[in-house]
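Notes follow the structure.
The values are calculated or read from the model by the stated rules, or taken from the named source; none is laboratory data. On a predicted model such as this, the values are computed, not experimentally measured, just so you know. With ideal geometry, Cβ positions are generated from the backbone for all residues, glycine too; neighbour counts draw on all protein chains shown. SASA here: full protein model, heavy atoms, side chains in, ligands and nucleic acids out. Shrake-Rupley method; radii C 1.70, N 1.55, O 1.52, S 1.80 Å.
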Amino acid sequence: MNLEQLREHPFFPFLAFRENDLEFLLLEMFWAEFFRDCLEKPEHVKDWESLFPAERDGVPILVVANASRNRAVRIHLRLNAGDKPLFPPGAPQMHGEYFLPLDLWLDEVRDSTGTTAYPSVVISTDMSLSALAMTRKVLNQFCLEEDPQGPTRAWIDQYYEALDANGYPGK
């Protein structure tokens, strides 16, 4: 199944993935296809390899690395389990009262042996259109830029500055 077919599937966005094996497999497929789609060209995808399988709770849902480019991506599925409202811009600072669909940071990911460490971006995202659009931008930049650390750090800083300017009690 390609990304479009997965988006059109009647179970999308696969919210019952914890209980339903089929939805979990479809969710794994979605993230693999989403990652491929973000890189746009087959030659950009060929050196990326999975480091770990997806976890049933979605944390992580995808971990891939590119040894030749010395970088990795770790994606966590973010769920609004408490049905908190989305953060409204300009709201008073009430930490923990609102749901933030996207959180991200730079980190390090090690391979399964623990010997190889890759500079990485960690993206914790829900399946909303806006969060997926921002995830796409970050993945495209981090995976395709020659030296992604600086531009990705700047993007993350701008993201949190914008949240802070709107009253979100962030990092």
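Among the residues of region 123-133, count how many are outside any helix (DSSP H, G or I) and of a type in the set (A, V, I, L, M). Adding up the residues that qualify gives 2. Of the residues making up region 70-87, those that are of a type in the set (Lys, Arg) and touching a residue at least 24 places away in the same chain (Cβ under 8 Å) are ARG71, ARG74, ARG78.
Here is a yes/no grid of residues against (1) among the acidic types (Asp, Glu); (2) under 13 Å from LEU144 (Cβ atoms); (3) touching a Cys at 6+ places or on another chain (Cβ under 8 Å):
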{"residue": "PHE34", "(1), (2), (3)": "no, no, no"}
{"residue": "GLU40", "(1), (2), (3)": "yes, yes, no"}
{"residue": "HIS44", "(1), (2), (3)": "no, yes, yes"}
{"residue": "ILE61", "(1), (2), (3)": "no, no, no"}
{"residue": "VAL64", "(1), (2), (3)": "no, no, no"}
{"residue": "ARG74", "(1), (2), (3)": "no, no, no"}
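Checking the structure you have, find out if any residue of region 19-32 is exposed (fewer than 15 other Cβ atoms within 10 Å of the Cβ) and either touching a Ser or Thr at 6+ places or on another chain (Cβ under 7 Å) or assigned to a loop (DSSP other than H, G, I, E, B) (or both). Checking region 19-32: at least one residue is exposed (fewer than 15 other Cβ atoms within 10 Å of the Cβ) and either touching a Ser or Thr at 6+ places or on another chain (Cβ under 7 Å) or assigned to a loop (DSSP other than H, G, I, E, B) (or both). Taken together, PRO42, PRO10 contain a single residue that is at pLDDT below 95 and open to solvent by 20 Å² or more (accessible area, probe 1.4 Å), which is PRO42.
Has region 123-133 got at least one residue that is within 21 Å of LEU25 (Cα to Cα) and loosely packed, with under 12 Cβ neighbours inside 10 Å? Within region 123-133, one or more residues are within 21 Å of LEU25 (Cα to Cα) and loosely packed, with under 12 Cβ neighbours inside 10 Å.
Quick check on region 77-94. Is at least one of its residues surrounded by fewer than 13 Cβ atoms within 10 Å (Cβ to Cβ), assigned to a helix (DSSP H, G or I) and among the charged types (D, E, K, R)? For region 77-94, residues surrounded by fewer than 13 Cβ atoms within 10 Å (Cβ to Cβ), assigned to a helix (DSSP H, G or I) and among the charged types (D, E, K, R): absent. Taken over region 108-122, the criterion of being loosely packed, with under 14 Cβ neighbours inside 10 Å and in a loop (DSSP other than H, G, I, E, B) is satisfied by SER112, THR113, GLY114, THR115. When region 139-150 is limited to residues that are part of a helix (DSSP H, G or I) and modelled with pLDDT under 90, the one that is most open to solvent (accessible area, probe 1.4 Å) turns out to be GLN149. Tallying residues that are under 15 Å from the mean Cα position of the chain (by Cα) and exposed (fewer than 14 other Cβ atoms within 10 Å of the Cβ) within region 54-76 yields 2.
Assess whether ARG136 counts as being out of contact with any Lys or Arg (no Cβ under 6 Å at 6 or more places or on another chain), at pLDDT 95 or above, outside any loop (DSSP other than H, G, I, E, B) and under 25 Å from ARG69 (Cα atoms). Criteria met by ARG136.
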